[in-house]
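First the structure, in the form of C-alpha cells, and then the observations on it.
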Amino acid sequence: MARKYLIEGGVRLHGEITIRGAKNAVTKEMVAAMLAPGVSTLRNVPDIGDVDITRRVLESIGCRAVHDAAAGTLTIDASNLNGPEVPAEYSGLNRIPILMAGALIHRFGKAVIPMMGGCDIGARPVDFHLQGFERLGATVEYRDGAYHFSADRLVGTRITLPFPSVGATENLMMAAVLARGTTEIRNAAVEPEIVDLALLLQSMGAIISQETDRTWIIQGVDALTPFDHRVLNDRIEAASFAAAAIATRGDVLIRGADQLHLLTFLNWLRRAGGEFAIQADGIRFRGKDSHLKSVAAETGVHPGLMTDWQQPLVILLTQASGMSVIHETVYENRFGYTEALGRMGANIQLFSECLGGSDCRFRHLGHKHSAVILGPTPLHGAEIEIPDLRAGFSYMVAAALAKGRTTLSGVRYIERGYDRIVEKFGALGLPIQVVEE
Ligand code: EPU
C-alpha cells in the first residue's frame with residue numbers, strides 16, 4: 001500500500017526534537033556484527049526503513065536480529081551464518097549488501113553479493129570496492145546479476161582509492177581487520193561515521209590507526225569479539241532540521257546536535273545569515289532572528305560541506321536575498337529534485353559548468369551539477385513524487401514554507417532514512433496527514 005503525506009504549509013517550526021543515531025553509521029555497524037560469532041549490541045539505533053532492510057538481509061544469511069525500536073537497541077547474533085550468499089531478492093533495496101563481502105570471505109572463503117541499490121543520484125558504481133578486494137588477494141567476478149568473491153584468506157596490502165569513497169573505505173576497512181598482515185588505505189574517506197565504525201572495530205579487538213593524510217592503517221588480527229556500541233548521532237538529520245527551522249523563520253532546539261560534526265555546516269549557515277546558539281544539550285536554531293543572504297558554496301568529502309546537506313541548504317537559500325550558487329562535486333546527478341521546487345515557485349537553474357568553486361571531476365562531462373538559486377521566492381503547494389531520501393526531506397521543508405497544501409508521494413524514501421519524521425515535524429507544529437492508498 002502506498003503512503004502519502006498531506007501537508008498544509010505556512011508554518012514556522014517551533015519547539016524541540018532529539019536527534020537519533022546516524023543512518024549512515026548504523027547500517028554499516030550492523031554488518032560489522034558479522035565479523036564475530038556471538039551477540040553484538042547497538043544502542044541509539046534510529047527507527048528507520050534502512051535498519052529494517054539491513055536487519056532482513058542479515059537474517060537472510062542466518063543472523064538473528066532483534067530491534068527494540070522504543071529503546072533504540074538492536075542485538076545481532078552472528079553465531080551461525082548459513083552460507084556465503086546474500087539472496088538476490090535483496091538486490092536493489094539499499095547499498096549495504098556489498099559491505100558484507102569481507103565478513104563472508106572471512107567466514108566462508110567466498111561471498112556472493114547481488115547488484116546494489118540505493119537512491120538514484122548518479123551512476124554509483126562499486127569499482128573501487130572490487131579493485132580493493134582484488135588488491136587484498138580476492139578473485140572477483142560478476143555473473144548472473146551478482147558479484148562473486150573468493151579467497152582462502154585476505155592478505156594485507158596498500159590500496160590507494162581514486163576518490164575518498166565512504167562505502168569503499170568502510171568495506172575495505174571491515175575486510176582488512178581480519179586479513180593477514182597490515183593494510184594501508186590511502187586517499188580514504190574520513191567522515192565521522194567512518195571514525196565511529198573504526199572505534200567499534202577497535203572495541204572488537206581490531207588494530208586501526210588514522211594518519212593525518214586520509215590514510216587508515218589496519219593491522220590484521222586472527223579473530224574479533226562481539227561489541228556493545230552506541231551509534232553516533234545523525235549529523236544529516238540535525239542539519240536538515242536546522243535548515244528547516246531557519247528557512248521557516250522558526251525557533252527549534254535540536255537536542256543531540258553535535259557541534260564538532262556540524263562545524264562546516266554551521267559555518268555555511270552563519271555565512272548565509274542563519275542564527276544559532278550552542279547549548280550544553282544541543283543547538284538552538286533561531287530563524288526569527290535570521291536575515292538570510294546568498295552564498296556560493298561547493299559540496300565535498302569530509303571535512304567539506306556534505307553532499308547530504310546540500311538539499312536542506314538549497315531550500316533555505318530559496319528564502320535568502322540574492323543569487324546563491326551551489327556546486328555539487330560528490331555526485332554528478334544530485335539536483336534532479338529542484339525541478340519540483342521550481343513548480344512550487346523556487347527560481348533555480350542548473351548548469352553543467354563547475355560554478356562557485358574549483359573544477360571538479362565532472363567538468364566537461366555534461367552533468368548538471370551546479371545550481372544557481374535566486375531568492376527570496378514565496379513557495380506554494382504542489383503534488384510531488386519523491387525521487388530520493390534527501391530530496392524528500394527538502395520537499396517537506398518546502399511544504400512547510402509553502403502557501404496551501406502539498407501532497408508528497410513516494411514517502412518510503414524519507415522513511416528509509418529519517419527517524420519518526422511525522423512525529424518530529426508534528427512536535428514542531430507541522431501536522432502531517434498520512435494517507436494510505
Ligand atoms: N564511487 C565510484 N566508485 C566506487 C565508489 C564510489 O566511482 O566504487 C563514486 C560515487 O559514484 C560517488 C562518489 O564516489 O560519485 C562518492 O561515493 P561514496 O562511495 O562516498 O558514497 P556511498 O558510500 O555510496 C555514502 C552515503 C551517501 C552519502 C555518500 C557521501 C551510505 C549508505 N550512503 O554513499 O548517503 O551521500 O556516502 O557522503 O552511507 C544518503 O544518505 O542519502 C546518501 C546518499
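So, Ala242, is that one out of contact with any helix residue (DSSP H, G or I) (no Cβ under 6 Å at 6 or more places or on another chain), away from the ligand (no atom under 16 Å from the Cβ) and aliphatic (A, V, I, L, M) or not?
yes
So Arg186 ticks every box in (1) crowded, with 16+ Cβ neighbours inside 10 Å; (2) at pLDDT 95 or above; (3) in contact with a Leu (Cβ under 9 Å, 6 or more places away or on another chain) but one. Which box is left unticked?
Failing condition for Arg186: (1).
Kindly evaluate Ala111 against the criterion of being crowded, with 18+ Cβ neighbours inside 10 Å and either part of a strand (DSSP E or B) or at pLDDT below 95 (or both).
Here the answer is yes, as Ala111 does meet what is asked.
This table checks each residue for (1) surrounded by fewer than 15 Cβ atoms within 10 Å (Cβ to Cβ); (2) more than 16 Å from the ligand (Cβ to nearest atom); (3) outside any helix (DSSP H, G or I).
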position	(1), (2), (3)
Thr54	no, no, no
Glu59	yes, yes, no
Val66	yes, yes, yes
Ile76	no, yes, yes
Asn94	no, no, yes
Met100	no, no, no
Ile105	no, yes, no
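Does Ala320 satisfy being surrounded by 22 or more Cβ atoms within 10 Å (Cβ to Cβ) and touching a residue at least 12 places away in the same chain (Cβ under 8 Å)?
Yes: the conditions hold for Ala320.
Would you check which residues across region 152-170 are in contact with a strand residue (DSSP E or B) (Cβ under 9 Å, 6 or more places away or on another chain), under 18 Å from Pro125 (Cα atoms) and surrounded by fewer than 16 Cβ atoms within 10 Å (Cβ to Cβ) and list them?
Within region 152-170, Thr160 is the sole residue that qualifies.
Residues in region 291-312: is at least one at positive phi, in contact (Cβ under 8 Å) with a residue 24 or more places away in the chain and away from the ligand (no atom under 16 Å from the Cβ)?
Scanning region 291-312, I find no residue that is at positive phi, in contact (Cβ under 8 Å) with a residue 24 or more places away in the chain and away from the ligand (no atom under 16 Å from the Cβ), so the answer is no.
Going by the structure shown, is Met173 buried (at least 17 other Cβ atoms within 10 Å of the Cβ) and under 16 Å from Gly132 (Cβ atoms)?
Yes: the conditions hold for Met173.
Would you point out which residue out of Thr212, Thr183 is of a type outside the set (Phe, Trp, Tyr) and either farther than 30 Å from Asp77 by Cα or part of a helix (DSSP H, G or I) (or both)?
Thr212
The values are calculated or read from the model by the stated rules, or taken from the named source; none is laboratory data. As the structure is a prediction and not an experimental result, all values here were calculated from the model. Neighbour counts run over all protein chains shown; Cβ positions are idealised from the backbone, glycine included.
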